[in-house]
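To start, the structure under review is shown below, and the notes come after it.
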Amino acid sequence: MAKNYKGKVIGMNNQNQQQNNVNINPDDLQDVVCEKCEGQTFTQVFLFKKLSAVLSPNGKDSMIPLQVFKCDECGNINPEFIPNSGGEKIL
């Protein structure tokens, strides 16, 4: 017969929750701007990479979407937004 345990769940008490709450003042944060036009708003877009059948787990050619952000003003994609592979940019 299974026992019913009553008590605290580790990591779920108020003390741990209070430690995880951090007050961050937005004025203390550095703005991210477009490197070309200094615009401050960005739109989520996707780059697509082709995966050859040789490397694909199902043995078929595939398209892999990569989420990035482009500047709303000029369309530039800052290098810091582009995923990398082994420390080198993939574009």
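The values are calculated or read from the model by the stated rules, or taken from the named source; none is laboratory data. This one's a predicted model, so the numbers in the text were calculated from it and none came from an experiment. No Cβ is skipped: glycine too gets one built from the backbone with ideal geometry, and neighbour counts run over all protein chains shown.
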Restricting the stretch 33-45 to residues that are in a strand (DSSP E or B) and more than 11 Å from Glu73 (Cα to Cα), the one nearest to the chain's Cα centre (by Cα) turns out to be Gln44
Could you tell me how many of the residues in the stretch 53-73 are under 21 Å from Pro83 (Cβ atoms), loosely packed, with under 13 Cβ neighbours inside 10 Å and aliphatic (A, V, I, L, M)? 3
Filter the stretch 46-81 for residues that are closer than 27 Å to Val33 by Cβ, among the polar types (S, T, N, Q) and not in a loop (DSSP other than H, G, I, E, B) and give the result. Gln67
Check on Gln30, at pLDDT 60 or above and part of a loop (DSSP other than H, G, I, E, B): yes
Note on Lys50: of the conditions (1) charged (D, E, K, R); (2) touching a residue at least 12 places away in the same chain (Cβ under 8 Å); (3) at positive phi, unmet is (3)
